[in-house]
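*Asks:* Here you go, one structure.
The values are calculated or read from the model by the stated rules, or taken from the named source; none is laboratory data. Source: prediction; values computed, not measured. Glycine gets a Cβ as well: all are built from the backbone with ideal geometry, and neighbour counts include every protein chain shown. Keep in mind that these areas ignore ligands, DNA and RNA; they rest on the heavy atoms of the full protein, side chains included. Shrake-Rupley method; radii C 1.70, N 1.55, O 1.52, S 1.80 Å.
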Amino acid sequence: MASLAIPLPVEQQSGALPLPSILGTYARAPMELVRGEGVELEDAHGRRYLDFTSGIGVNALGYGDPGFRAAVVAALDTGLVHVSNLFRTRPGEELADLLVANSFASSVFFSNSGAEANEGAFKFARRWARTVHGPDKTEIVALRGSFHGRLFATLAATDRPQYRTPFKPVAPGVSISERDLESLARALHSDTTAALILEPLQGEGGVRVLDSGFLRELRALTIERGIALILDEVQCGLGRTGRLFAHEHSGIIPDMVTLAKPLAGGLPMGAILVAEHVAQTIKPGDHATTFGGGPLVASAARYVLSRVSDPALLASVRANGEWLGTRLCEIAHASGRARGVRGQGYMWGVDVVEPAGAIVRRGWDAGILMLTAGEHTLRLLPPLIMTREQLGKGLELIEQVL
Ligand code: PLP
């Protein structure tokens, strides 16, 4: 039968399984994963893979964590998977209290994904800006290299024309600025801009750590111009950089932070952490989502948060992460096949000469799972529980496939 498929990017072309009944929005790797344990996954043929993907930054605690299982089973035993946000339930309230106690925020809105968290944050920013500054302050600005999701407003804030163009028109009122202070000083307007959204450590756009000094100057600019600063920590938050929140490295205090991926340990959940001055402008009916913050996902997230906020785990991510970065630089340099290494904690990108997808595929044969971030960047997101020894094993495999 003739294929109607639009050609995939080169990096995704081979190794894709034809899946007749799953809509073809993903090119999947050929192996079928059936089991996970610690930092390893096993396929249907019993082959094991060291996981440097964490399910795209989700599985911070790896696979088969007994405490996670106990939290989920205990939640199921109450019989309450979901009751809706029309009623009070304790797990969500306790989770919100914990997030507030550990952050700048005074309250939390729970969503089901990262894109949904960012869309909600755009709405809250507009509600705040309108209430405090007037009806013309509605524009959202994002940065070159950003990725904020695949819904219409987050797509408009995502710097990937190839994701946007086939679905135009995307949401109006959202623009992308170059990633330097001069350009941002021109793009952010006191009278029309409601919010600036950025990832303190850009993920999908190529693993790029934004400089702390740059972030502090941007924060000063947004305060001066009455613009809400939304930090998208969907991928880089919750321990991935070695701090509970990535923005702690720069010391800036944002107006909102969005979270998702690792929050509920693989169950779908996102969150918007909201500073008090923004929260005060939000009224019942301003925003809603049926599933957000239900007792099952919130119970799971309460457990995950207790683990990823553990100072010992964070310290090991910082120390091992630094070691990982140094070793990656050495390997990249020695291989002659890489141009640069960037990252922090357990989130690293290696710019490679050949298409990164080809290296990822060689990794499958060697027994390691890795990601790409753009066509020529290899992205490494190991579970936060990975030990130095296991990281070292991964490095050997990476050296081999490079
Ligand atoms: N923001 C960032 C920084 C992300 O990395 C992602 C997903 O990769 C999203 C938002 C979108 O999250 P989701 O896929 O849960 O909608």
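*Asks:* Quick one: Arg302 ticks every box in (1) closer than 30 Å to Phe110 by Cα; (2) touching a Gly at 6+ places or on another chain (Cβ under 7 Å) except a single one, so which number is it?
*Replies:* (2)
*Asks:* Of the residues Val257, Val278, Val297, Val304, only one is assigned to a helix (DSSP H, G or I), touching an Asp or Glu at 6+ places or on another chain (Cβ under 7 Å) and either modelled with pLDDT of 95 or more or not hydroxyl-bearing (Ser, Thr, Tyr) (or both); which?
*Replies:* Exactly one of Val257, Val278, Val297, Val304 is assigned to a helix (DSSP H, G or I), touching an Asp or Glu at 6+ places or on another chain (Cβ under 7 Å) and either modelled with pLDDT of 95 or more or not hydroxyl-bearing (Ser, Thr, Tyr) (or both), namely Val278.
*Asks:* Just to be sure I understand the filter: pairs with C-beta atoms under 7 Å, separated by 6 or more residues or on different chains, first member in region 297-325 and within 13 Å of Thr387 (Cβ to Cβ), second member in a helix (DSSP H, G or I) and among the charged types (D, E, K, R). Which pairs pass?
*Replies:* Leu313/Arg307; Asn320/Arg388; Trp323/Arg388
*Asks:* Looking only at region 359-371, count every residue that is open to solvent by 20 Å² or more (accessible area, probe 1.4 Å) and either within 17 Å of Ser335 (Cβ to Cβ) or in contact (Cβ under 8 Å) with a residue 40 or more places away in the chain (or both) and tell me the total. Quick ask: steps written out before the conclusion?
*Replies:* Of the residues in region 359-371, the ones open to solvent by 20 Å² or more (accessible area, probe 1.4 Å) are 361-362, 364-366, 371.
Narrowing further to those that are either within 17 Å of Ser335 (Cβ to Cβ) or in contact (Cβ under 8 Å) with a residue 40 or more places away in the chain (or both): 361-362, 364, 366, 371.
Residues that pass the stated criteria total 5.
*Asks:* Let me ask something else. Kindly provide the set of residues from region 232-262 that are of a type in the set (A, V, I, L, M) and either more than 11 Å from the ligand (Cβ to nearest atom) or touching a Cys at 6+ places or on another chain (Cβ under 7 Å) (or both), ordered by number. Full working, then the answer.
*Replies:* So in region 232-262, the residues of a type in the set (A, V, I, L, M) come out as 234, 238, 244, 246, 252-253, 256-257, 259-260.
Listed by number, the residues that qualify are Leu238, Leu244, Ala246, Ile252, Ile253, Met256, Val257.
*Asks:* Quick check: is even one residue across region 28-47 open to solvent by 60 Å² or more (accessible area, probe 1.4 Å) and at pLDDT below 95?
*Replies:* Looking for residues that are open to solvent by 60 Å² or more (accessible area, probe 1.4 Å) and at pLDDT below 95, one finds at least one in region 28-47, hence yes.
*Asks:* I need the full set of residues from region 180-213 which are part of a helix (DSSP H, G or I), closer than 21 Å to Gly345 by Cβ and touching a helix residue (DSSP H, G or I) at 6+ places or on another chain (Cβ under 7 Å), in order please.
*Replies:* Selection gives Ser212 alone.
*Asks:* Across region 372-390, what is the total count of residues that are under 11 Å from Phe52 (Cβ atoms) and surrounded by fewer than 21 Cβ atoms within 10 Å (Cβ to Cβ)?
*Replies:* Residues in region 372-390 being under 11 Å from Phe52 (Cβ atoms) and surrounded by fewer than 21 Cβ atoms within 10 Å (Cβ to Cβ): 1 in total.
*Asks:* Of the residues that sit in region 138-166 and are of a type in the set (Val, Ile, Thr) and within 11 Å of the ligand (Cβ to nearest atom), which one is surrounded by the most Cβ atoms within 10 Å (Cβ to Cβ)?
*Replies:* Within region 138-166, the subset of a type in the set (Val, Ile, Thr) is 138, 140-141, 154, 158, 165.
Still in the running and within 11 Å of the ligand (Cβ to nearest atom): 154, 158.
Values: Thr154: 29, Thr158: 25.
Within region 138-166, the match that is surrounded by the most Cβ atoms within 10 Å (Cβ to Cβ) is Thr154.
*Asks:* How many residues are in contact with a helix residue (DSSP H, G or I) (Cβ under 8 Å, 6 or more places away or on another chain), within 19 Å of Arg216 (Cα to Cα) and aliphatic (A, V, I, L, M) if we restrict to region 234-273?
*Replies:* Summing the residues that are in contact with a helix residue (DSSP H, G or I) (Cβ under 8 Å, 6 or more places away or on another chain), within 19 Å of Arg216 (Cα to Cα) and aliphatic (A, V, I, L, M) in region 234-273 gives 5.
*Asks:* Could you tell me how many of the residues in region 167-222 are surrounded by 13 or more Cβ atoms within 10 Å (Cβ to Cβ), among the basic types (Lys, Arg) and more than 15 Å from Asp255 (Cα to Cα)?
*Replies:* Adding up the residues that qualify gives 2.
*Asks:* Please identify the pairs in which a residue from region 112-128 that is within 11 Å of the ligand (Cβ to nearest atom) and polar (S, T, N, Q) has its Cβ atom under 7 Å from the Cβ atom of a residue that is open to solvent by less than 10 Å² (accessible area, probe 1.4 Å) and part of a helix (DSSP H, G or I), counting only partners at least 6 apart or on another chain.
*Replies:* Cβ pairs passing all conditions: Asn118/Thr154.
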